[in-house]
Amino acid sequence: MRADSQDPHLSALANAVDLDDLRRQLDPLDFMAGWNKQEPSLWREPRTDFKPVAWRWEAAKAGLDAAGRLIDAEQAERRNLFMVNPIAGNHYATLRTLVAAYQMLLPGEKARTHRHSPNALRLVLDVADDCYTVVDGVRIDMQPGDVLLTPGMSWHGHGNEGSAPGYWIDFLDVPLVQLLEPMFLDLWEGLQPVADNTRESPYVFSMASMQAQLAQASADEHGRMRIRLDAPSIPTTALFMQTLTGGEATTRLRSTENQIFAVVSGAGDSQIGEQSLSWSRGDVFVAPGWHAVQHRPTKDALLFCVSDLPVHEKLGFHRSRVEG
Ligand code: GTQ
Ligand code: FE2
C-alpha cells in the first residue's frame, strides 16, 4: 500500500504555493479555512432575526370562519392558522424553537388522532359544550381558558359534538424538534376510541384552578404576579399565567428564553425590545430571546406565556437581567 505522502493530491495539498491555491484544494474536500470565513460564528450578545410581532385574534377568527366554509376538518387534517414570524426564509416558526397556531373545529367535525415527538399544548378560547380533545384515549371536554397538554408521543385528536365552533390556540415545540431532528409521527385511522371522560388529569389546567392558584400567589423577585403551571410531562416548555393590573407597567426584563404570550383577558400594550405592540383578548405576541420585555396593561389582564426556558436552563445557557 502506498503511503499517504505519495498520494499526488495530498502531495499537491501539502505543497500549496499560496493561500489561494490552498483554498482551491481544500474546497472540494469540504474544508473551509477559518481565516476565509465570511461571517462571524460568535458574537458578544444574543442576536436574532426573529421579530417581536403580534397576531390578532379578530383576524384569525375571520380567517378560520372562512376556512370553515371552504375546507372540512378531514381534508385539512387540522384547520389551523400558523403564526409565522415575518423574517426572510421562514415559512413556519413563530420563534426559533416554538410555533403557535389558531385552530377551529366545527360542530360535528373530528380532527383525527395522531402522535408526534414534538410536545403540544392548547389554550382554549371559545367553545360551547361537547368540544373535546382525546389524549391517550381519555376524552377531555374543553372549557374557555383551559390549558390542555398533549406531551410528545401521546395520541391526540379532537372532536366537536356541540352546537358552536370551537376555537383554541396550539403551541408546539416543533421548530426545536426540527432543529435537533428527532422527529417521529404516527397516524391513527379516525379518532381514537374514548376509554374515559374526565377533566381530572395532570394534562388539564382549568381557568378556575389557575385563578385559585394566582389568588394565593405572592409577587416574584421582579414583582410579577405569576404562577408556573406544573407540567413536567412537557420538559422543553415552561408555562406561566400572569395577572397584570391596569395602569401598572411591569419591570423591564431581558432573558435568553423565547417567549410567546397569549392574552386570556384584558388589554394593553407591551414594549418588546424597540417594538411597541398593543393587544387584547385572544391576541398572541412574541418576545424573541434577549429582547427586553415590559407589559403596560390598560386594564386588568391575564397573560399566558409559553417559553423555552427549560431548554436554556438544562443546557446551562440561561441568563436574564433587569433593564433600567
Ligand atoms: O392539534 O394535533 O396547530 O399536530 C399543529 C400541529 C395542531 C394538533 C397544530 C398539530 C396540531
Ligand atoms: Fe398534533
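Taking into account only those residues within region 110-135 that are within 13 Å of ligand 1 (Cβ to nearest atom), part of a loop (DSSP other than H, G, I, E, B) and open to solvent by 10 Å² or more (accessible area, probe 1.4 Å), which is nearest to LEU303 (Cα to Cα)?
Filtering first and then ranking leaves ASN119.
Residue by residue through region 9-58, note down the ones that are open to solvent by 80 Å² or more (accessible area, probe 1.4 Å), over 30 Å from ILE87 (Cα atoms) and in a helix (DSSP H, G or I).
Residues satisfying the conditions are HIS9, ALA14, LEU19, ASP20, ARG23, ARG24, ASP27, PRO28, LEU29.
Search region 74-105 for residues being of a type in the set (Gly, Ala, Ser) and within 14 Å of ligand 1 (Cβ to nearest atom), and hand back the single one that is nearest to GLY157 (Cα to Cα).
ALA76
If a residue must be over 14 Å from SER206 (Cα atoms), in a loop (DSSP other than H, G, I, E, B) and within 16 Å of ligand 2 (Cβ to nearest atom), how many such residues does region 136-177 contain?
8
Return the pairs, sorted by first residue and then second, in which the second residue is within 15 Å of ligand 2 (Cβ to nearest atom) and hydroxyl-bearing (Ser, Thr, Tyr), the first residue lies in region 99-126 and is over 13 Å from LEU172 (Cβ atoms), the beta carbons are less than 9 Å apart, and the residues are 6+ apart or on different chains.
The qualifying pairs are ALA111/THR133; LEU125/TYR102.
Please find, among LEU149, LEU172, the residue that is open to solvent by less than 40 Å² (accessible area, probe 1.4 Å) and closer than 24 Å to GLU74 by Cβ.
LEU172
Considering only region 85-104, state which residues are open to solvent by 50 Å² or more (accessible area, probe 1.4 Å) and under 12 Å from LYS51 (Cβ atoms).
Across region 85-104, the qualifying residues are PRO86, ALA88, ARG96.
Of everything in region 107-135, what is closer than 15 Å to VAL194 by Cα, within 11 Å of ligand 2 (Cβ to nearest atom) and of a type in the set (A, V, I, L, M, F, W, C)? Give them in sequence order.
ALA111, VAL135
The values are calculated or read from the model by the stated rules, or taken from the named source; none is laboratory data. This one's a predicted model, so the numbers in the text were calculated from it and none came from an experiment. Every residue, glycine as well, gets a Cβ built from its backbone with ideal geometry; the counts of neighbours run over all protein chains shown. What goes into the accessible areas is simple: the full protein's heavy atoms, side chains included, and nothing from ligands, DNA or RNA. Shrake-Rupley method; radii C 1.70, N 1.55, O 1.52, S 1.80 Å.
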